[in-house]
Amino acid sequence: MSTEKTEALVIRQTDFSETSKVVTLFTRDFGKVSALAKGARRLKGPFEAAIDLLTACRIVFIRKSTDGLDILTEAQVISRFRPNGRDLVRLYGGYYVAELLNGLTEEYDPHPRLFDESLTTLKRLVEAPDPKLGPDPKLAPDPKLVIVRFELAVLREIGQLPAFDACVVCGRDSADDTTWAFWVSQGGLICRDCQKERYEQNRVQAGTVALLQRLSDESDAALERLVVSAEQLTQMRRVLTAAISNALGRRPSMTRYLNL
């Protein structure tokens, strides 16, 4: 056994006994960790709000050398996820982040860039303006775009980011055509010449492809400057829901609440 310290994001918790909980944490240095938090269910337990869902915290835990649960010994709050306003997209978007991190990452497989992207995503969701007010470059980005960028970041980190630069069949450059389709099982775009009738419902315009390329670029984080039409957002959602569902092996449960 060894004692470890790291930063973590709480992505799941379940009751273990009358006094304790099992907490799933996505950590910067160790990836996903499941740990027993003894006394966490007590009214004045040792962790208080530090292990609430989507809380970022500094933790100390005892790492077991066997298949048993690790033991969480300390947790100090760094920040809490508290979206403002009545826009439920922000709240459910945070839960969606937790669902994807829990379902698409492995135990003790660290992804520090994804950890940072997760915290940035939650911060943007808290600050995101009401989409009913329309885009405003002086405000934070639309929460739906924030979710799109996070989905792309997750897919990139687990090695399942779709190919948006060329046709997966013939290699035709994506800048050379105006209409594409998305081939889920092959993880990429198909040009008009390679498309079949069954791909007609998965059509994607060149402008949408360009947006997906930009949003998947980890070095380009200026979401507040992007202007996206309703049709482009619909097309991006069609591509990403298919890609995420394929990677997860099922449709994410939070998509029904987010209307994704």
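In whole Å, how far is the Cα centre of the range 28-97 from that of the range 201-260?
28 Å
Most mobile of T121, T208, T178 per a Gaussian network model of the chain (Cα springs, under 10 Å)?
Fluctuation is largest for T178.
Find, among the GluC sites (Glu not before Pro) in the range 82-113, those assigned to loop by DSSP (not H, G, I, E, B) with at most 11 other beta-carbon atoms within 10 angstrom.
Values: sites: E99, E106, E107; in loops: E106.
Those satisfying the criteria are E106.
Just checking my list (i) 19.1, 58; (ii) 20.0, 65; (iii) 23.2, 73 against Rg and Dmax of the Cα atoms in Å computed from this structure; which label fits?
(ii)
Where does the range 2-79 land on Rg(C-alpha)/(2.2 N^0.38 Å)?
Details: Rg = 11.1 Å, N = 78, 2.2 N^0.38 = 11.5 Å.
That works out to 0.97 for the range 2-79.
Which Cα, out of S229, L100, L88, lies furthest along the positive dipole direction of the chain (beta carbon charges, K/R +1, D/E -1)?
L88
Can you list the aspartates and glutamates whose alpha carbon sits under 15 Å from that of K21, skipping same-chain ones fewer than 8 residues off?
Straight-line reach from K21, under 15 Å: E48, D52, D70, E74.
If the cut-off is 12 Å between C-alpha atoms, which aspartates and glutamates fall inside it for K64, apart from same-chain ones fewer than 8 positions away?
Within the straight-line limit of under 12 Å, K64 reaches these aspartates and glutamates: E4.
Can you list the lysines whose alpha carbon is less than 28 Å from that of K144, not counting same-chain residues fewer than 8 positions off?
In chain and number order, the partners are K32, K123, K132.
Mind giving me the FRET efficiency for Q160 and L233? R0 is 25 Å, r the Cβ-Cβ distance, nearest 0.05 is fine.
Values: r = 22 Å, r/R0 = 0.86.
The calculated FRET efficiency here is 0.70.
Taking all pairs of distinct Cα atoms, average 1/r, flip it, and tell me the Kirkwood hydrodynamic radius of the range 184-260 in Å to one decimal place. Write down the numbers at each step before the final one.
Numbers: mean 1/r = 0.0718 Å⁻¹.
When all Cα pairs of the range 184-260 are included, the Kirkwood radius is 13.9 Å.
Return the distance in nm (one decimal) between the two label points of a simple spin-label model at D176 and S2, each offset 7 Å from Cα along Cα→Cβ.
It is 5.1 nm.
Using helices alone, what [θ] at 222 nm do you get for the chain, with -39,500 (n - 2.57) per DSSP H run of 4 or more residues, divided over all residues and rounded to the nearest 500? Don't skip to the end; give the middle numbers.
Details: 6 runs with 81 residues, N = 260.
My calculation for the chain gives -10000 deg cm²/dmol from helical runs alone.
Could you check the spin-label model distance between V184 and S34? Points 7 Å from the Cα along Cα→Cβ, value in nm.
In this crude label model, V184 to S34 measures out at 2.8 nm.
Where a number appears in this text, it was derived from the coordinates with a stated rule and is not lab data. Because the structure is predicted, anything quoted here is derived from the model rather than measured. Glycine gets a Cβ as well: all are built from the backbone with ideal geometry, and neighbour counts include every protein chain shown.
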